[in-house]
Amino acid sequence: QVHLVESGGGLVQAGGSLRLSCAASGGTFSTMYWFRQAPGKEREFVSSISWSGSSTVYADSVKGRFTISRDNAKNTMYLQMNTLKPEDTAVYYCAGGRNSRGEYDYWGQGTQVTVSS
């Protein structure tokens, strides 16, 4: 059974940094994703990374501030978040197993990131 578990969230002041982790067990994913959902808003794409790490994609809102990476030996993906802004406040989710319908078969439980102004 595949599980994704996020960690590393917390409360940080604007301008600060956090590093999120997503540990996978029971399977591996060629591409992995980070999403986030702020209160009262729809879940939105943040970033993705290919198996080799050579291909990464970022939402415009985080480009230049966030860095996605992965360690396949540990089956873990990371999201280094720098220069955090209050608008980055959200629950952050990792996902994997995008299917032919464009949906994601596996999601983590989420980790809360709160950025105070």
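The values are calculated or read from the model by the stated rules, or taken from the named source; none is laboratory data. None of the values given here were measured: they were computed from a predicted structure. Cβ coordinates were reconstructed from backbone atoms using ideal geometry, including for glycine residues, and neighbour counts include every protein chain displayed. Note: areas computed on protein heavy atoms with side chains; ligands, DNA, RNA excluded. Shrake-Rupley method; radii C 1.70, N 1.55, O 1.52, S 1.80 Å.
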So between Ser52 and Gln1, what do we pick up on full extension, going 0.36 nm a residue minus the alpha carbon distance?
16.0 nm
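Give me the percent relative contact order of the chain, please, defined on Cα pairs under 8 angstrom at least 6 residues apart.
So the answer I get is 36 percent.
Would you kindly give the portion of the calculated P(r) for the chain that falls above 26 Å, as a percent of all Cα pairs?
Percent of Cα pairs beyond 26 Å in the chain: 13.
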Please give the FRET efficiency for Glu103 paired with Asn82, using the beta carbon to beta carbon distance and R0 = 22 Å, rounded to the nearest 0.05.
0.10
Whole-Hz couplings from phi, Karplus 6.51/-1.76/1.60, listed for the range 27-44; x for Gly and Pro
x, 10, 10, 5, 10, 10, 9, 10, 10, 8, 9, 8, x, x, 10, 6, 5, 10
For the pair Thr67 and Gln37, the simple spin-label estimate (label points 7 Å beyond Cα toward Cβ) gives in nm 3.0 nm
For Gly27, which sequence-distant residues (separation of 5 or more, or a different chain) have an amide H within less than 5 Å of its own amide H, given hydrogens modelled in the peptide plane?
His3
At 1.4 Å probe size, with the rest of the protein present, what percent of the exposed accessible area of the chain is carbon and sulfur atoms?
46 percent
Heavy-atom accessible area per residue, the chain, 1.4 Å probe: how many Å²?
52 Å²
Antiparallel DSSP beta bridges within the chain, percent to nearest 5:
90 percent
